[in-house]
């Protein structure tokens, strides 16, 4: 494969993934509305994932705590991936599979949200955290790759089209940004699902 082929393939694959992703419009609107509802009732959004998804967890939490597009008060959100001391202590003392679920057990309350990210859809620590959040009456959101391995893993599942991990992550970032925009619009600009 030539370098030109690499670039052309990346753009054509992303273009196809974007076309497929646009079919999730109603699901994104409904999800953003549910997130906004939890936040206005005092809930906190916790976000987790591994590798690139860990970075995206921090990025999306920051979009909520700081701001996305408009000047407004911060919203309560926390990336469960950001505290190195907590992650390494739990990983060392228990296991890597527990790094998110133990934090959910310590911090999560009914009415909160756990937003899990996994390109494979099979990350054991993310799945364990979702199970813990479900048991605590938290709203659970799972963004995974195109294959949904367990439709009961979360209250809301948003499968992400893409032939490769990079394309899945790019679409998940678009989904995440769209959800942040919906939340801001509903809470601070009086947005409506019918607009």
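Note on the chain: GNM, Cα springs under 10 Å; of 124, 151, 161, the largest mean-square fluctuation is that of 151.
Between 19, 62, 86, the Gaussian network model of the chain with springs among Cα atoms under 10 angstrom shows the greatest mean-square fluctuation at 19.
Taking other C-beta atoms within 10 Å as the exposure proxy, 186, 69, 141 rank 69, 186, 141 from fewest upward.
Once the range 1-136 is represented by equal point scatterers at the alpha-carbon sites, with solvent omitted, what log10 I(q)/I(0) does the Debye formula produce at q = 0.17 Å⁻¹? The computed values of log10 I(q)/I(0) come out as -1.00. For the chain, adding -39500 (n - 2.57) for each run of n ≥ 4 DSSP H residues and dividing by the number of residues yields -17000 deg cm²/dmol at 222 nm.
Compute a Gaussian network model of the chain, connecting alpha carbons closer than 10 Å, and tell me which residue from 12, 66, 118 fluctuates the most. Of 12, 66, 118, the most mobile in the Gaussian network model is 12.
Bear in mind that the values in this text are calculations on the coordinates, not laboratory data. In this text the structure is predicted, and so the values were computed from the model without any measurement. Using ideal geometry, Cβ is built from the backbone for each residue, glycine included, and neighbour counts are taken over all protein chains shown.
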